[in-house]
Each structure stands twice: as C-alpha cells, then as structure tokens.
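Working notes, beginning with the structure itself.
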Amino acid sequence: MRIPDSTMEKLLLRSGTVTAEQIDTLKEEGVHSKQSLQELAIQNELINNETLVKAFAEYAQIPYIEVKAHDIPSDVLAKIPERIARQYNAILFQVDADGLCHLAMDDPDDVQAVNFIEKEIGTNTKVYIATHENIITSLEAYRGDVTNELNEVIDIQRSDDTVNEGISDQEVSEDSPIAKTINLLLEYAIRMHASDVHIEPREGHIQVRYRIDGVLKEVNRLPHNVQGALVSRIKILSNLKIDEHRVPQDGRFKIKVAGKQYALRVSTLPIADGEKIVMRILDESNQAVTLESLGYWGQSLVNINAALTEANGMILITGPTGSGKSTSLFSILSILNSPDVNISTVEDPVEYKIIGVNQTQTNAKAGMTFANGLRALLRQDPDIIMIGEIRDTETADLGVQAALTGHLVFSTLHTNDAATCLPRLLDMGIEPFLIASIVRAVVGQRLVRRVRHETRISYKPSDEEAKMMIKMFKLKPDQDFSYIHELEKKAASEGVGGDTPLSTDENGINTLYHNDPNDNTDGAMDGYRGRLGIYEVLRNTIPMQELIVGNATSNQLREQAISEGMATMQTDGLIKVLRGETTLDEVIRVTKE
C-alpha cells in the first residue's frame, strides 16, 4: 500500500510520536533520495508498518484485520483462485450465512483489484485492510498440508528401488523430484518453527529429524536410494564440492517462504552409512526483541541494564550450545547500536546480521582466528567489541586487554552457570585482580519450552513436587513460602505470565501447570510452542571482587551473589512455572546438572 505524502504527514502528526520538525527533515531527505515520506518514516523507525496500517485504517475508516490462516475454511479460500489472490495480495477469509464475503487486502484503495475480485465472488463484499506481511503469510493457506505433498513426492521416488551409483544432472535439477523433496522438507521445517534439520543416512533408509524448541523429533523417512541425489542437490545449493565425500564441509544458501527470507547454514559430515547433513535455519527477517521479551525480569533485568551502561569492561554470557547465547547478544547489541557508536564483532559463524554493526566471520584456513580477528578489530577504533566465543587463553587475554583499554567487550563461555565462569577465566591464565577489575556482569542462561496458554492444564502440586521445589529454592521444610510468594508477585507486576492468577500465597503453592501432550495444532508440539529464557545475572560488586582476588570457589561466589539478591536460574525457572509460562519438567530438564 502506497500512502500519499500529504496523507502520510497527517498520520505521523496524529500519531504524536513525530514532530513537525522531523517531518520537514524527512521531506528534505526525500527530495534528494527520491523516496516517499512513507518509505523514509519506516526506514528511520519513526513508525512501524503495523502501526502505520492501523493508523491509516482509522483515518480512511476501513476496518483493520489480522487474518489467521489456519482459521480460514478451505471452501471459502477456494472461491478466489490462488493466482488471483497472490496477484492482488488479497485473501477471502470468511463468508457469512447471508452470503457476505469478508475480504482482506493490503491495498483496499486499489479499485481495479477490488472490481476484478468481485467478479469472482460477487459484489456483496466487505473489504478490510491488513499488513502486507499478514497477507503474504495467510496466502500460504493455499498450500494445504505440506506433509501429504511431501509423501506424494517421496512415494514416486520409493517406487524406483535402484541405488544411485552416479548422479545425473537431471536428477538434481531445479524441477526434479529430489529438488521438490528438499524444498518441501525445508518448508515443513519452517512451518513447524524448527531450528535445525537433520538428514541422516541409516542402513535401510534416510532419517529426517527436526529440532523443535530444543527437542529432536523424527518427521519422515526417505528411501535409501535417493541418498546420493539428495546430498548432491544440497551441496549444489550450498556451493560445496559434490565429489568430496571424505571430509566435512560447511556452506550456506537462502530460501524464501511465506514472504520471509531464511538463511540455511549447512554442515556435512561423513559417517558410517554415508554423509550426514545438518541445516541450521536462520530467519533473516527477525528483529531484535527487548530483554523483557526474552524473559528477563526483576533483579536480573536491573543487573543486566546496569552493566550495559558501563563505559568499559567485560560482560560474559554463559551456557551450553543451544542455550540462546547468540540471541541474547543479538538483542543486546541491537539495543546499544546507534550511529555514534562503533560496534565490531568476530563471530563463528555470523548468525544474525545487524545493520550498522561491523561483523567479521572467522576463517581458520585463511588464518582469521578469534585472536587474529580481535587484534585487527583493536586497530579499527571500536567502542564496543563482541567476541563470538572465548575458546583459548590467547583470546581471553586479548579480550581482557581490550576491556582494560576503554572498550566494552561482550563474549560467551561454555560453563554451567554464572559463578563457574570466573574460575574458568582463572583456569585460562587470567590473573584474579584483572578478572575482579574488568568483569562487569556474567549471565548464565538456558532455554525452556513455553507451554501453550490456550491448552495448558492447571493442577494442585503433590507433596513430592512441593518438596522438590523447596529443594530447588534451598528452603528448609519449616520455612514459610513468603519469599516465593513475594517473588511471584513481583514477576506478575512486571508482566511475566500475563493475566495468569497468582499460584502461591504465604502458606504454599496452590496451582501449577503442565502441557497437554495431545496438542499438536497451530505450530505446537506436545502442548509447547516457542521458547523463553531462564537467567541468572551475577553483578561483580566490591564484595564479589574481594572473593575473586582471594581465589574463592564458584560455590562461595554463588552464595555471595544470592545474598546480594541474585535469583538463580532454577529460581527464575520456578517463578516462570508458577506464572504458567513453562512446566516444572522443563525447568528440571535444562537445569538438572
């Protein structure tokens, strides 16, 4: 939808977020760049597209709608052919008993498009306005069940039981069955919100598994005879050597699904039965989210925000692989990113691209290691440095030197919790007085699956579960639950769990929630959909610095941090269980060590 500059000016002024002076500046910029006021306002983040569409809907007195593709009946969808729906970015989402057709468009001012569609469905039509992104996503409803489509393609290949010795060009071409299989596997993975696709050759078949919300799930089995063509096609897409089967290879390619662009990071590995392929799915249209949206609240949020205001020093994020460290760093760097700050990173690999940030990919073969990359960055006049991971003493030492010379340094470490991170730096040869003086905060984190609010089941915890929770909180059996109750009240006041009623009182825990294992609809798996973080943020206070210089153990550091108000990951997880955001099983699963 294109909004005239005169109308756009009125909408911006009515929004109250843009001044007349800012609009004049945009107009001047538009004269030089030959861009519309609408394009410039969105580019400069003065207004987002959804807010703009809602404002235009109110101004033009056109009803605004957010279409949900899974709620559209198939017979209603079929009234407009897919070709026409995609051509005009329009979707019919409801037909009333009296024949009134409800039509959503991203540009309802397009009279020609409305007239053409009304020839298909009749003139008894009510037109709504929706965002372009919402329309594109909703149009995927025309695809129907990807699983059935995939099975049809697989059945064709299964009928040919010959084993591929040599792979012809025709077998791996754009319109070959194997190419369709890969496209459908990836489309299905993206629809299921998978983070990784595993294609693993077995003795009599090829196993396909998706990692959804951190848990691997088998979704299909392909006939063994397509292995060669399948691997070759993925290697062609990733620009890898198709005749090399003895060594691992890494590549990357991009696809577009439902109007969104996704990057796929490909890794091949020779195993006993052939070559295994793992593809990491990265949504390139992802926007950074706030720390609150990631799951920070209370003292953890206060501690991390305080650390981000420091002029120099080191902030470390710890946790195992797949615990969301990169996502946290992506959001933090996006918060700190501004035109007057030079942010430079060294990463392996570059997963999230941030506009305005100088991101460098390591390349061991070319000699670009974390250490060499960091040395180069220090000559690039940076204000903020992000090191993807501190893996060795050399990188740790350079990071410390960067923090000592006036830079704010972010990095990750593989340790179990925040307190263990500091002795790990000691183990890498960093002097205790240096750790005490440059580390500003350490974040320990895990990811838990988010229980789906619509289908979650409430229950009264058993005595065994109550004892387990007391153990997690390190409370004595004769202590009251006022501490837990106060924490839950604070979390509720900060929006954790939305409008979920309090699960505790001063006498104990009254309500817990568990997932519905039969809920596998609308993107859910076993009653879970999406993930959120559980965190502990250790601030390096003066008492903590004294313990570090005295070579204190990680247990002593943890106890000191707790005495200063730090909520441990287990505590944070338990509060999110009480607020109905996740389940006790999930918290135990990721923090059981």
Kirkwood Rh in Å, taken over all unlike Cα pairs in the chain:
27.5
Please report, to two decimal places, log10 I(q)/I(0) for region 194-347 at q = 0.12, 0.17, 0.21 Å⁻¹ as given by the Debye formula with identical point scatterers on the Cα atoms and no solvent.
-0.69, -1.07, -1.39
Cα lying deepest toward the dipole's positive end in region 214-306, options Ala306, Ala272, Thr290, charges on Cβ:
Ala272
Once the Cα atoms of region 347-420 are picked out, what are the Rg and Dmax in Å?
12.3, 36
Take the solvent-accessible surface of the protein heavy atoms, probe 1.4 Å, and return the percent of it on region 36-149 that carbon and sulfur atoms account for.
46
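Could you tell me which of rounded, prolate or oblate describes region 350-502, using a ≥ b ≥ c as the square roots of the eigenvalues of the alpha-carbon gyration tensor, with rounded for a/c under 1.5 and, failing that, prolate when a/b is larger than b/c and oblate otherwise? Before the final figure, lay out the partial values.
Working: a/c = 2.76, a/b = 2.00, b/c = 1.39.
Cα axes put region 350-502 in the prolate bin.
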For region 18-84, what Kirkwood radius comes out of the mean inverse Cα-Cα distance, in Å?
14.9
Do the sum for the chain: with -39,500 (n - 2.57) for every DSSP H run of n ≥ 4, divided by all residues, what is the mean residue ellipticity at 222 nm, to the nearest 500 deg cm²/dmol?
-11500 deg cm²/dmol
Accessible area per residue, 1.4 Å probe, Å², for the chain: what's the number?
48
Contour minus end-to-end for Glu133 and Lys10, with contour as 0.36 nm per residue of separation and end-to-end as the Cα-Cα distance?
41.9 nm
Label-point separation in nm, Glu292 to Glu66, each point 7 Å along Cα→Cβ:
1.6
Along the positive direction of the dipole of the chain (beta-carbon charges: Lys, Arg +1; Asp, Glu -1; about the Cα centre), which of Met469, Asn551, Leu447 reaches farthest?
Asn551
Normalised radius of gyration for region 486-538, please: alpha carbon Rg relative to 2.2 N^0.38 Å, two decimal places.
1.42
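Near Val247, within a Cβ-to-Cβ distance under 15 Å, what is the net charge of the other residues, with Lys and Arg +1 and Asp and Glu -1? Mind showing how you got there, number by number?
Details: positive: Lys235, Lys241, Arg246, Lys276, Lys365; negative: Asp243, Glu244, Asp250, Glu275.
Surrounding charge for Val247 is +1.
Let me check against my output: what whole-number percent is the relative contact order of the chain, with C-alpha pairs under 8 Å and at least 6 apart? Could the numbers behind the result be given before it?
Details: 999 pairs, mean separation 57.6, N = 593.
So the answer I get is 10 percent.
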Rg/Rh of region 392-448 (Cα atoms, Kirkwood Rh), to two decimals, equals 0.96
Whole angstrom only: what separates the Cα centroid of region 24-56 from the Cα centroid of region 263-303?
32
Using the Cα centre of region 383-491 as the reference point, and only Cβ charges (+1 on K/R, -1 on D/E), how large is the resulting charge dipole? Debye, rounded to the nearest 20.
600
Once the other residues with Cβ under 15 Å from the Cβ of Thr393 are scored (Lys, Arg +1; Asp, Glu -1), what is the net sum?
-3
Taking the Cα atoms of region 223-313, what is the range of coordinates along each of the three principal axes, in descending order and whole Å?
56, 33, 25
Positive-end residue of Met368, Pro339, Thr125, charge dipole of the chain with Cβ unit charges
Met368
What is the list of residues in region 388-403 whose amide nitrogen lies under 16 Å from a point 7 angstrom out from the Cα of Phe433, following Cα to Cβ?
401
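Can you give the charge dipole size of region 194-328 about its Cα centre, rounded to the nearest 20 debye, using +1 on the beta carbon of Lys and Arg and -1 on the beta carbon of Asp and Glu? Intermediate results must be reported in sequence, preceding the final value.
On the way: 17 positive and 14 negative charges, 78 e Å.
Charge dipole of region 194-328: 380 debye, to the nearest 20.
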Using a simple spin-label model with points 7 Å from Cα along the Cα→Cβ vector, what separation in nm is obtained for Glu310 and Val215?
3.8
Based on alpha-carbon atoms only, what is the radius of gyration of region 503-593 relative to the globular estimate 2.2 N^0.38 Å?
1.42
If Lys and Arg each add +1 and Asp and Glu each add -1, what is the summed charge of the other residues whose beta carbon sits under 15 Å from the beta carbon of Leu512?
-4
If each of Glu120 and Ser36 carries a label point 7 Å out from its Cα toward its Cβ, how far apart are those two points in nm?
2.3
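To the nearest 20 debye, what is the magnitude of the charge dipole of the chain about its Cα centre, counting +1 on the Cβ of each Lys and Arg and -1 on the Cβ of each Asp and Glu? Intermediate values should be presented prior to the final figure.
Working: 60 positive and 88 negative charges, 161 e Å.
Approximately 780 debye in magnitude.
The values are calculated or read from the model by the stated rules, or taken from the named source; none is laboratory data. These numbers were taken from a predicted model, which means no experiment stands behind them. Ideal geometry is used to build each Cβ from the backbone, glycine not excepted, and the neighbour counts take in all protein chains shown. Areas reflect the complete protein model, heavy atoms only, side chains present, ligands, DNA and RNA absent. Shrake-Rupley method; radii C 1.70, N 1.55, O 1.52, S 1.80 Å.
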